[in-house]
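First the structure, in the form of structure tokens, and then the observations on it.
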Amino acid sequence: MEEFFMKKVILFLMLVLSSLSFAAKKLYVGTNAEFMPYEYLENGKMVGFDIELMDAIGKELGYEIVWSNMGFDGLLPALQMKKIDAVIAGMSQTPERQKAVTFSMPYLLVTSDEHYVIVNENSPITHKEELKDKKVGVQIGTMQEEFTKQLGGLPQLYNSWTGALMDLQNNKIDAVIIADVTGEEYLKVMKGIKKVDVVIDTQPGASIAFRKGETELAEKVNQAILKLDENGTYLEILQKYFPDKVEKYKALKASK
């Protein structure tokens, strides 16, 4: 009887330790909540496509996602210094970044390769080629800085897109280059600015970054993304944050 009781106690303790171990399985993820609708603050809470997608990936893989909101230019250094385990922030796979980190597959399963050229509503600029020697606002560490240089413009670095666009409103800079979906959101709420042209990006789209060589974790995340795509969770999140891309997503899915 005593032996039976001890076995039950040991089994109970094993179950408790197992549940504690599961509860402690955390994935620390960094983002920059300045990139609507990918990630942004709403009533002090981080929301957005990336946030919900990463939380769903975590649930699929058995991780509790622990979020860190920081400056965009500090994300990859924090990853390399092991302060966080992953980065999701609408980050594209540039050749320079590919040398420094390991990326997941692009997770926006609808092609989004346009970046808007936005100017003050009174600006005479009508084409991106006119940005040569002009002051162009971009967020620090983003690929839009490289686009500006390629066009012969003078990158003006900001901690946030909001700051860049406010300076554009006040004619302190000549233009802003920003991702299409984020640009659309700002154009809805900010007066005195307009879109005049687009820059096409040929690099792989937004992906999740991991420390260099962590291919096993990247592959697990890839499989989770594909699983969410299969079970309808991905579509639910897409409808919430990118409703204008839903039809294209369905068409691409039907063609496979």
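If you take every DSSP beta bridge whose two residues both sit in the chain, what share of them, in percent to the nearest 5, is antiparallel?
For the chain, the DSSP antiparallel bridge percentage is about 60.
In plain terms, the chain from Ala100 to Glu129 could stretch by 7.3 nm, reckoned as 0.36 nm per residue minus the Cα-Cα distance. Among Thr94, Thr202, the sequence by solvent-accessible area, most first, with a 1.4 Å probe is Thr202, Thr94. Based on the Kirkwood approach, the hydrodynamic radius assigned to region 163-230 is 15.4 Å, with every pair of different Cα atoms included.
If you take the alpha carbon atoms of region 141-256 and fit the smallest convex hull around them, that volume is 155 Å³ per residue.
Model label sites at Lys253 and Lys45, defined 7 Å from Cα along the beta-carbon direction, differ in position by 2.6 nm. Here Lys128 is the anchor, and the aspartates and glutamates within straight C-alpha reach of less than 17 Å, apart from those fewer than 8 places off in the same chain, are Asp113, Glu114, Glu145, Glu146, Asp174, Asp180, Asp197, Asp201. Overall shape: prolate for region 66-119, with the ratio a/c of the largest to smallest alpha carbon gyration tensor axis at 1.5 or above and a/b above b/c. Global dimensions of region 32-126 from alpha-carbon coordinates: Rg and Dmax equal 15.6, 54 Å. The phi-based Karplus calculation (6.51 cos²θ - 1.76 cosθ + 1.60; θ = phi - 60°) puts the 3J(HN,Hα) values of region 132-139 at 4, 6, 9, 7, 10, x, 9, 7 Hz, whole numbers, x for Gly and Pro.
Taken one residue at a time, the phi angles of region 159-164 give Karplus couplings (6.51, -1.76, 1.60, θ = phi - 60°) of 6, 8, 5, 4, x, 5 Hz. Gly and Pro are set to x. Carbon and sulfur: what percent of the chain's accessible surface (1.4 Å probe)? Carbon and sulfur: 54 percent of the exposed surface of the chain. When the helices of the chain are scored as -39500 (n - 2.57) per DSSP H run of n ≥ 4 and the total is divided over every residue, the value at 222 nm lands at -13000 deg cm²/dmol. For Val66, the residues 5 or more places off, or on other chains, whose built amide H falls under 5 Å of its own are Leu27, Tyr28, Val29. When you count the other C-beta atoms within 10 angstrom of each residue and take the mean per peptide, 79-89, 35-45, 230-240 line up highest first as 79-89, 35-45, 230-240.
Convex hull over the alpha-carbon atoms of the chain: what's its volume per residue in Å³?
Normalising the Cα hull of the chain by residue number yields 157 Å³.
Note that region 65-77 has calculated 3J(HN,Hα) couplings of 7, 10, 8, 10, 9, 8, x, 4, 6, x, 5, 5, x Hz, one per residue in order, obtained from phi through the Karplus relation 6.51 cos²θ - 1.76 cosθ + 1.60 (θ = phi - 60°); glycine and proline are x.
The values are calculated or read from the model by the stated rules, or taken from the named source; none is laboratory data. Source: prediction; values computed, not measured. Glycine also receives a Cβ, built like all others from the backbone with ideal geometry; neighbour counts cover every protein chain displayed. For the accessible areas, the whole protein counts, side chains as well, though only heavy atoms, and no ligand, DNA or RNA atoms are used. Shrake-Rupley method; radii C 1.70, N 1.55, O 1.52, S 1.80 Å.
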